[in-house]
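Novice: Please see the structure below; I have some questions.
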């Protein structure tokens, strides 16, 4: 079993040079110009495109349509040009005698290790249509989970961006107008108003460029650090320890682990290979490390639930459900139930987080705008008091 896992990992990890093939145009489609060709290099295959592809592929293969014809039909009608190019290359490889899983493995940016492992299991068991249906269902669940998380971050991100833009516009364009008026009146300005004027000068000086450059440099350095294994462990660990976001992230990790593992086991992927795929597609370094300890225990003949119980990332309920699944021989079913439960937990947590963030961001934006307005009108109030 271990030899099979290593062989599969070796096949998947190999990334041969891919020659660019000529993609036929769709009916009514114009030939791309130089600009379109340039931007096409940066086009990516979205998860939504993969859901549609897997659904179509499963239905056509299950209906008895030959594989090459299925690939041709789906490739010709694919709206995403990158996916169309990949599918035509897959078709060419299959025509030359390669297996579908090996052809998919040539495009790791489009078909990750999860796809390749499941397709390989489907080819081996002769149930490729059923496996592709499970792949489509898994992709839909994954997209649904991603949408939930993105929806939680959308409102605070937009609100924060609006607050920063409003604050910058008021300090850069409105405060200088009031400053000229205050200079004409004379007298001593209130401390808060003077602070806003000094901040306005700072934002219109070269130091603001230096500050923005420093921030961008720090973000870039943080991204580079995250690309390293120690960086991923440190940053992912910090995220998991955050008060509210950490709890949501932990639930997302558990849902992703159980869902992916369930689909792989149900599709007939060998246990060690399944754990290896889950580790590579976990999306979180702490989760990958936990799965690695599970994989080591299983390789030595142990159970899955025992090493899981030692990892703080997995709640006791998950460990017990996995243990029951191992005892009854229904591990995939138990994992799927846990995934459904945590999907609902993520949805509830996202709704609660959004309901809390909305009033906080409204107060935050109002506080920023209100503080600038008060700072501009404080000198006017002082002059009125002196006149009285």
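Read-outs throughout are calculated quantities, based only on the coordinates presented, and are distinct from any laboratory measurement. Note that this is a predicted model, so its numbers are computed, not measured. Neighbour counts are summed over all protein chains in view; Cβ atoms, including those assigned to glycine, are modelled from backbone coordinates with ideal geometry.
Novice: Scanning the range 81-104 for residues that are farther than 18 Å from residue 270 by Cα and touching a residue at least 40 places away in the same chain (Cβ under 8 Å), which turns out farthest from the chain's Cα centre (by Cα)?
Specialist: Keep residues of the range 81-104 that are farther than 18 Å from residue 270 by Cα, which gives 81-100, 103-104.
Narrowing the set further to residues that are touching a residue at least 40 places away in the same chain (Cβ under 8 Å) leaves 81-82, 84-86, 88-89, 92.
Details: 81: 22, 82: 20, 84: 23, 85: 24, 86: 22, 88: 27, 89: 27, 92: 31 Å.
It comes out as 92.
Novice: Here's a follow-up. Given 335, 308, which one is buried (at least 19 other Cβ atoms within 10 Å of the Cβ) and within 23 Å of residue 122 (Cβ to Cβ)? Give the steps one after another, and end with the answer.
Specialist: On the way: 308 fails: within 23 Å of residue 122 (Cβ to Cβ).
Result: 335 is the single residue among 335, 308 that is buried (at least 19 other Cβ atoms within 10 Å of the Cβ) and within 23 Å of residue 122 (Cβ to Cβ).
Novice: What do you reckon, is residue 366 loosely packed, with under 12 Cβ neighbours inside 10 Å and either touching a residue at least 12 places away in the same chain (Cβ under 8 Å) or over 23 Å from residue 267 (Cβ atoms) (or both)?
Specialist: Yes, satisfied.
Novice: Do we have residue 138 as closer than 30 Å to residue 335 by Cβ and out of contact with any strand residue (DSSP E or B) (no Cβ under 8 Å at 6 or more places or on another chain) here? Show your work before the answer.
Specialist: Working: closer than 30 Å to residue 335 by Cβ: yes; out of contact with any strand residue (DSSP E or B) (no Cβ under 8 Å at 6 or more places or on another chain): yes.
The answer is yes for residue 138.
Novice: Only one residue in 188, 214, 193 is over 30 Å from residue 119 (Cα atoms), in contact (Cβ under 8 Å) with a residue 24 or more places away in the chain and either loosely packed, with under 12 Cβ neighbours inside 10 Å or in contact with a helix residue (DSSP H, G or I) (Cβ under 8 Å, 6 or more places away or on another chain) (or both). Which one? Don't jump to the end; show me each part of the working.
Specialist: Values: 188 fails: in contact (Cβ under 8 Å) with a residue 24 or more places away in the chain; 214 fails: in contact (Cβ under 8 Å) with a residue 24 or more places away in the chain.
After applying the criteria, what remains is 193.
Novice: A follow-up question, please. Going by the structure shown, is residue 314 within 16 Å of residue 256 (Cα to Cα) and assigned to a loop (DSSP other than H, G, I, E, B)?
Specialist: Numbers: within 16 Å of residue 256 (Cα to Cα): yes; assigned to a loop (DSSP other than H, G, I, E, B): yes.
So residue 314 passes the test.
Novice: While we're here: Name the residues in the range 341-363 that are within 22 Å of the chain's Cα centre (by Cα) and surrounded by 15 or more Cβ atoms within 10 Å (Cβ to Cβ), would you?
Specialist: 341, 342, 343, 345, 346, 347, 349, 350, 353, 354, 357
Novice: Same structure again: Is the range 261-274 home to any residue that is farther than 23 Å from residue 124 by Cα and buried (at least 22 other Cβ atoms within 10 Å of the Cβ)?
Specialist: To start, the set of residues in the range 261-274 that are farther than 23 Å from residue 124 by Cα comprises none.
Checking the range 261-274: not a single residue is farther than 23 Å from residue 124 by Cα and buried (at least 22 other Cβ atoms within 10 Å of the Cβ).
Novice: List the residue pairs whose Cβ atoms are under 9 Å apart, where the first residue sits in the range 157-182 and is touching a residue at least 60 places away in the same chain (Cβ under 8 Å), the second is outside any helix (DSSP H, G or I), and the two are 6 or more positions apart or on different chains.
Specialist: 171/204; 182/189
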